[in-house]
Amino acid sequence: MSRKIIGLPGDGIGPEVYAQAVRVLAILDDEFQLNIDLQEHLIGGAAIDQQGNPLPQETVDACSDADAILLGAIGGPKWDDLKGADRPEAGLLKIRKTFNLYANLRPVTLQESLSEISPLKKDRLLGVDMLIVRELTGGLYFGKKYREGDSATDTCTYSVPEIERITRLGFSLAKDRSNKVSSVDKANVMETSRLWRETVNRIHTEEFPEVDLEHVLVDACAMHLISKPSAFDVILTENLFGDILSDEASMLSGSLGVLPSASLSTQDPSKGIALYEPIHGSAPDIAGQGVANPAAMLLSVAMMLRHSLQHEESALLLEKAVYASWNAGVFTADLSNNNPVSTTQFTDSVLNFISRTV
Ligand code: IPM
Ligand code: MN
């Protein structure tokens with residue numbers, strides 16, 4: 001049985017890093033008979049240009065019976081004057097909502113070979129290994145937005161079931177890690193955060209009493225991510241806080257260009273559709289130059305192989321190949337200004353490692 005994967009290259013550096021994923025998948029497919037059926041479709045600014053819509057119906061239809069979606073990046077200055085639902089980003093938000101991709105997992109780890117590159121002192125980084133579990137289909141992103149006279153409003157809404165499902169996933173993931181959940185909110189100010197905290201406490205007591213739970217206010221969390229990042233294991237948080245904290249946390253790893261993500265629609269990703277994408281954006285400042293770091297994309301492919309295709313062996317091999325390239329001093333320009341390699345050269349190194357190993 002073939003595994004249908006929909007590729008959505010998107011905008012800016014999206015197509016450049018996506019092309020590297022295609023190269024790597026072809027080799028792994030050959031090697032492990034993964035039987036991948038990869039089809040490309042439009043999203044974001046590219047879809048606006050060609051079809052006048054950031055998420056064309058044919059893209060939605062193609063995704064609806066897919067095993068997984070692999071996305072590059074979305075947006076750019078070309079579409080900056082567009083508003084609301086006409087913007088490229090609306091395509092991403094709509095695909096998240098349409099396929100109920102409520103759980104965004106963003107692992108933050110530290111590779112020894114990148115520890116000199118992080119702006120943080122090396123001793124602060126020791127032991128950094130966290131998983132940000134970001135709620136992805138609620139909160140400010142999806143509330144009513146409107147203008148009235150000279151004011152603008154965004155509404156933030158969360159329901160108990162929305163909080164429960166992401167909380168259950170956060171706790172169950174913690175059980176396979178260091179058994180600790182830091183739930184991040186702003187319960188001293190926001191009503192949605194008070195409901196969040198109540199719900200997390202209830203699920204903890206009723207279903208996961210063996211997991212350590214702490215509540216952290218989002219402002220304090222932003223500080224602790226810098227002052228004692230190794231104290232975190234699973235960070236469980238709502239949509240906007242998770243967006244902001246994950247960009248901050250990426251600096252622990254060295255660069256925004258190295259962090260992958262998975263967005264799941266079910267607790268068991270082998271059973272429902274999931275979307276995989278780098279956490280970085282379309283980086284219009286470097287787009288078209290062939291210098292983007294493909295690592296976040298390749299590590300997203302590894303997450304896809306592990307979670308959606310349930311193929312741990314190829315996932316591990318790909319991760320090892322990325323890390324081995326860094327260990328060998330193969331860095332793109334975001335990680336080193338000393339003889340940096342191009343996007344394709346980094347992938348060459350990854351492919352070399354794979355063919356030497358299998
Ligand atoms: C992300 C991105 C998106 C988000 C943007 C492009 C809408 O920043 O995936 O983190 O805010 O969720
Ligand atoms: Mn973001």
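The values are calculated or read from the model by the stated rules, or taken from the named source; none is laboratory data. Bear in mind that the values here come from a model prediction, so they are computed numbers and not experimental data. Every residue, glycine as well, gets a Cβ built from its backbone with ideal geometry; the counts of neighbours run over all protein chains shown. The protein model used for the area step is the full one, side chains on, heavy atoms only, and it has no ligands, DNA or RNA in it. Shrake-Rupley method; radii C 1.70, N 1.55, O 1.52, S 1.80 Å.
Here are the numbers:
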read-out: Carbon and sulfur %, accessible surface of region 1-130 computed with the full protein complex present, 1.4 Å; value: 48 percent
read-out: Label-point separation in nm, THR98 to LYS145, each point 7 Å along Cα→Cβ; value: 1.8 nm
read-out: Reciprocal of mean inverse Cα separation for region 221-326 (Kirkwood radius, Å); value: 15.2 Å
read-out: Sum of side-chain charges, SER342 neighbourhood, beta-carbon under 11 Å (Lys, Arg +1; Asp, Glu -1); value: -2
read-out: For the chain, accessible area per residue (1.4 Å probe, heavy atoms of protein chains only), Å²; value: 42 Å²
read-out: Virtual spin-label span in nm between LYS271 and ALA152, 7 Å along Cα→Cβ; value: 4.1 nm
read-out: Cβ charges +1 (Lys, Arg) and -1 (Asp, Glu), total dipole of region 89-211, debye; value: 160 debye
read-out: About the Cα centre, charge dipole magnitude for region 167-223 (Lys/Arg +1, Asp/Glu -1 at Cβ), debye; value: 80 debye
read-out: Positive-end residue of ASN201, ASN35, ALA249, charge dipole of the chain with Cβ unit charges; value: ASN201
read-out: The chain - convex hull of the alpha-carbon atoms, volume per residue in Å³; value: 141 Å³
read-out: Dipole moment magnitude, nearest 20 debye, region 1-93 about Cα centre, only Lys, Arg, Asp, Glu C-beta charged; value: 140 debye
read-out: Cβ-based net charge around SER118, under 13 Å, with every Lys or Arg adding one and every Asp or Glu removing one; value: -2
read-out: Length released on extending from LEU82 to ILE244, taking residue separation times 0.36 nm less the Cα-Cα span; value: 56.0 nm
read-out: Carbon/sulfur fraction of accessible area - region 246-316, other protein chains in place, 1.4 Å, %; value: 56 percent
read-out: From the C-alpha gyration tensor of region 1-138, square roots of 5λ in Å; value: 29, 22, 16
read-out: For region 213-268 versus region 65-104, the gap between their alpha-carbon centres in whole angstrom; value: 21 Å
read-out: Point-to-point label distance, VAL358-ASP65, nm (Cα→Cβ direction, 7 Å offset); value: 2.8 nm
read-out: 17 Å tail of the calculated P(r), region 158-271, as % of Cα pairs; value: 56 percent
read-out: Among HIS280, ALA26, ASN239 - extreme Cα towards positive end, dipole of the chain, charges at beta-carbon; value: ASN239
